[in-house]
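Step one of this worksheet: look at the structure below.
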Amino acid sequence: MLTAKQKELLLYIHERIKETGVSPSFDEMKEALDLASKSGIHRLITALEERGFLRRLPHRARALEVLKMPDSAATAAPPKGRQSFRPSVVGESRSNGANSIPILGQIAAGVPIEAIQSEVGRITPPEDLLGSGDHFALEVRGDSMIQAGILDGDVVIIKRSETADSGDIVVALVDNEEATLKRLRKRGNSVALEAANPAYETRIFGPDRVRVQGKLVAMIRRYS
């Protein structure tokens, strides 16, 4: 699922490349989408990259490649590289029992805040994974955390928390409008959100722009 702005930008880039052979500039994209600043365009492009719709071509100015359109599907292969943290992986279990927790939509860079506020289903993890506290689940979209063992389509179990230690994988809200699953790093007075995929850059924000919503405690993977 793409937001309206993400889809609008993707279609605009696609049409401009078809017409001119090159992707539009950030200024042109900002004007076309009637946004106040280029930082908004940067966030949209990052979200489309993480979802596999766009790719930035290295060492070339104004070089964006459209990999797929919203009605097509593509699966990215995990790149080779060092594996670091891997969450607990368990087989899928679903029920409406007392230990079930809500699935609150999908998580990836650029997901609107509403996506983690509406229950779309329930899942029942093994009791020993949860412990105390309030938990919820999200379905992962995109490949930005593949070197942490988190793949597109996995379901992550999140313990609600407004605080996290540096190095934790968290659900973070950026500017109260974007939810993302990333590794949190505290750098002085700044907060860095790190992807676990070298194809994506680390994003750095002031502390007032990022709110932790919960910490990753486990993951459930479907096998078919």
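Taken together, the values in this text are just the output of simple stated rules run on the coordinates, not laboratory data. Since the model is a prediction, treat every value here as computed from it, not as a measurement. Reconstructed Cβ throughout: ideal geometry from the backbone, glycine too, with neighbour counts over all protein chains shown.
R0 = 45 Å: FRET efficiency of E31 with R221, Cβ-based, nearest 0.05?
Using R0 = 45 Å, I get an efficiency of 0.60.
When only C-alpha pairs under 8 Å and at least 6 residues apart count, what is the relative contact order of the stretch 148-213, in percent?
After rounding, I find 32 percent.
For the stretch 121-131, what does the Karplus curve 6.51 cos²θ - 1.76 cosθ + 1.60, with θ = phi - 60°, yield as ³J(HN,Hα) per residue in whole Hz, taken in order and with x for Gly and Pro?
Whole-Hz 3J(HN,Hα) from phi for the stretch 121-131: x, 9, 9, 10, x, x, 4, 6, 7, 8, x.
Name the residues whose placed amide hydrogens come within less than 5 Å of the amide hydrogen of G214, ignoring near sequence neighbours (fewer than 5 apart) on the same chain.
Hits under the 5 Å cutoff: S161, V171.
Could you check the simple spin-label distance between N99 and S118, using points 7 Å along Cα→Cβ, in nm with one decimal?
The modelled label-to-label distance comes out at 3.1 nm.
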